[in-house]
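Here the structure comes first, spelled out in structure tokens, and everything after it is commentary.
The values are calculated or read from the model by the stated rules, or taken from the named source; none is laboratory data. Model, not experiment: these values are computed from the prediction. In this analysis, Cβ positions are derived from the backbone assuming ideal geometry, glycine residues included, and neighbour counts consider all displayed protein chains.
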Amino acid sequence: MSVKVQKSDPKMHKRSIVFRWIVLLFVLLLMTLISIFHQYPDLVGRTLSIDSFCPMGGLEGLFSWIFQGSMLQRLALGSFILFFAVLLITLLYKRAFCGQICPLGTLQELLGSIGRKTIKKRVTTSSKTDRVFRLLKYLVLFGFVVGTWATGILLIRAFDPWVAYAHVFSLEEMFEFPIGLAILLISIVGALWVDRIFCKYLCPFGAFLGLLSPIGMYGIHRNTETCIDCKKCDHACPANIVVSQVEFVTDTECIMCNECINACPVENTLEIATKKRTLTSTPMKVTAISIIFMLLVAGAFTMTGHFKWFFPNTSTPYENQVLKNDVDDIRGFMTLRELSIGYGVPLEILMEEFASSPDDADTPVKDLGTKSEGHGTDFVREFIRNYRP
Ligand code: SF4
Ligand code: SF4
């Protein structure tokens, strides 16, 4: 029996592509603003470190959080909240976080789309060497996660292109992470020739989600009866998966970006469905549910006070705020004067305890010498915790 083959609706595909790009750019812009506000606190207040907004931080800090009850430096509850939100998205749509939300992926896709239009000789197929190199990211995952669990230090920071990106907006701090910056530049420029080059070979969080992706409910399903074997899906796939050869995409490299579906010229030939096709979804739903879920979770926990965006205000005294400010939010860049204002401890008491010269009132506590040497920010934090009623 011949199956009727119908042309797919290009308008529908276009809507889905535009919607996905709106979401990707929205997240990139939001994260960029967070990075800028962290560097320039005078604008609207100092946002928390970029690590606190990265779900990978939740994975790295999981061991000490669960087994030692402590939070690694630079992480906040937000990292764990986002980490669990991503896990739930993964249960539904496999690696949709990579394809629909991740801003580092967006940066690479922006350059990738320029490369697709301007460079003829691009890497568009997956060779044996490519498959072997893709295993590298699992080593990166293992090394940094186990290393961080063992040492209690966020070892990835020096190499993290996303941390480097968060610092490029400040001339003073731009080169603070030279290795991360080099990886960022190689990833962005390299994406002109190889789609999502960092995601494919080095991203530890992509590797982690890849390990979980087999338990994700929905995936890309191909209807072999209507497929005309045009291979447009293969050319569109940034992960270089040969979609036209399989009935259900089980490759853990699939980032659920929907590009294959939007490239398919035949109606209902590629669709998002559970393995037995008992349930189906659409590209628009994958994008919408991923972003709504992240925003809902972050919003709900912001309202309960568990998800924090800003450090306590330590430059303007708030009569009723000082005792509410969380001592765990004290960071090394804060000065004794700011801590006095933000936490209600008289400056002369902090000076007596930690300063060795009058200039120390305006020196970041991490740079204070003599009296607090060997103790650093933790020592100041504990002192203020004990001082307050
Ligand atoms: S198979 Fe489709 S959804 Fe998966 S990465 Fe490739 S283009 Fe994106
Ligand atoms: S785009 Fe892929 S799935 Fe769609 S008709 Fe062409 S080969 Fe078949």
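Observations
- Single residue of 81, 22 found to be among the β-branched types (Val, Ile, Thr) and modelled with pLDDT under 95: 81
- Cross-chain or 6+ apart pairs with Cβ under 8 Å, segment 268-284 first and on the phi > 0 side of the Ramachandran plot, then within 16 Å of ligand 2 (Cβ to nearest atom) and part of a strand (DSSP E or B): 277/221
- Enumeration of residues in segment 242-267 that are more than 12 Å from ligand 1 (Cβ to nearest atom) and either free of Cβ contacts under 8 Å to residues at least 60 places away in the same chain or within 21 Å of residue 123 (Cβ to Cβ) (or both): 247
- Boolean, residue 108 is in the same structural domain as residue 28 (by TED's automatic domain parsing), of a type in the set (S, T, N, Q) and within 16 Å of ligand 1 (Cβ to nearest atom): yes
- Residue pairs meeting the criteria (Cβ under 6 Å; at least 6 apart or on separate chains; first of a type in the set (Asp, Glu), in segment 224-241; second modelled with pLDDT under 95 and more than 12 Å from ligand 1 (Cβ to nearest atom)): 225/3
- Lone unmet requirement of (1) in contact with an Asp or Glu (Cβ under 9 Å, 6 or more places away or on another chain); (2) within 11 Å of ligand 2 (Cβ to nearest atom) for residue 282: (2)
- Per-region count, segment 216-269, residues part of a loop (DSSP other than H, G, I, E, B), within 21 Å of residue 201 (Cβ to Cβ) and near ligand 2 (Cβ under 10 Å from one of its atoms): 2
- Only a single item in (1) modelled with pLDDT of 95 or more; (2) touching a Phe, Trp or Tyr at 6+ places or on another chain (Cβ under 8 Å); (3) buried (at least 21 other Cβ atoms within 10 Å of the Cβ) is not met by residue 101, and it is number (2).
- Entirely in segment 334-389, the helices (runs of 4 or more DSSP H) that have 1 or more residues that are under 34 Å from the mean Cα position of the chain (by Cα) and modelled with pLDDT of 80 or more: 336-343, 376-387
- Single unsatisfied condition, residue 227 versus (1) over 28 Å from residue 66 (Cα atoms); (2) not assigned by TED's automatic domain parsing to the domain that holds residue 263: (2)
- Total residues in segment 22-53 satisfying the condition of being of a type in the set (D, E, K, R) and within 19 Å of residue 73 (Cβ to Cβ): the figure is 2.
- Sole residue being more than 17 Å from residue 85 (Cβ to Cβ), within 20 Å of the chain's Cα centre (by Cα) and not assigned by TED's automatic domain parsing to the domain that holds residue 15, chosen from 237, 257: 257
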